[in-house]
Amino acid sequence: MPYRRLPKTDQARLKSLKKAIAIEKMPMNEIPVPFRLLTQAKAYLPVFETLVSQYNMTFETQVTESKKYQNMLKNARMYVSHFIQVLNFAVLRGELKKEIKGISHKMLAQQLKELQDDGIIVKQEYSEISPKVEYILSEKGQSLMTILFNMCTRERENKHQ
């Protein structure tokens with residue numbers, strides 16, 4: 001008997017199963033497999049199709065949720081990064097923009113606005129010949145410093161393990 005490779009994907013398995021069931025249309029004396037096996041294959045085909053579609057839907061959901069999670073994680077990292085940039089000292093807006101590479105002006109302004117709305121930083125504007133803006137940690141922001149330092153320390157410790 002020649003070597004036959006087994007199908008490796010669910011779609012290939014479905015296709016093989018459908019072809020095997022199509023053998024039933026042959027004359028009874030020419031069918032190469034037992035009739036009982038054909039009946040079992042017919043009963044199994046809709047179950048397998050349902051399971052494959054459920055698996056595909058679950059996989060798509062997982063991919064979508066993973067993308068959402070990655071976006072939330074990216075935003076959280078950016079939020080913490082901005083917070084750390086402002087920690088303990090006033091930072092000129094131009095300096096902050098140079099420190100964080102690959103961020104648009106709009107995104108930077110949005111993140112700083114969120115920090116300001118949350119009461120973590122205070123915005124100070126100076127009306128000089130060349131306008132200047134500084135961001136300073138509020139009391140609430142300073143109270144979060146120990147938490148952030150502990151988080152950073154724990155992350156470094158866990159990274160090396």
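Laboratory data are not the source of any read-out in this text; all were calculated from the coordinates shown. Source: prediction; values computed, not measured. For neighbour counting, all protein chains shown are included, and Cβ atoms are generated from backbone atoms with ideal geometry for every residue, glycine included.
Could you pull out the longest piece of the chain with no exposed loop trypsin sites (Lys or Arg not before Pro) in it, calling a site exposed if DSSP puts it outside H, G, I, E, B and it has at most 10 other Cβ atoms within 10 Å?
9-100
Can you give me the relative contact order of the chain as a percent, contacts being Cα pairs under 8 Å and 6 or more apart?
Worked out over the chain, it gives 16 percent.
Which semi-axis lengths, in whole Å and largest first, follow from the square roots of five times the eigenvalues of the Cα gyration tensor of the chain?
66, 17, 14
With r defined as the distance between the Cβ atoms of residue 109 and residue 155 and R0 fixed at 30 Å, what FRET efficiency is calculated, to the nearest 0.05?
0.60
I want to verify a result. In a Gaussian network model of the chain, Cα cutoff 10 Å, which of these has the top mean-square fluctuation: 71, 56, 29?
The residue with the greatest mean-square fluctuation here is 29.
Distance cut-off 24 Å, Cα to Cα: go down the list 68/140; 8/68; 15/67; 106/132; 8/42; 74/113 and report the pairs above it.
Where the Cα-Cα span goes over 24 Å, the pairs concerned are 68/140; 8/68; 15/67.
Could you line up 103, 147, 121 from fewest to most neighbouring Cβ atoms inside 10 Å?
147, 103, 121
Quick one: putting +1 on the C-beta of Lys and Arg, -1 on the C-beta of Asp and Glu, what dipole do you get for the chain around its Cα centre, in Debye to the nearest 20?
That gives a dipole near 1020 debye.
Residues of region 1-43 with amide nitrogen under 14 Å from the 7 Å Cα-to-Cβ point of residue 55?
7-17
What is the distance, in nm, between label points placed 7 Å from the Cα along the Cα-to-Cβ direction at residue 65 and at residue 81?
Label at residue 65, label at residue 81, 2.7 nm between them.
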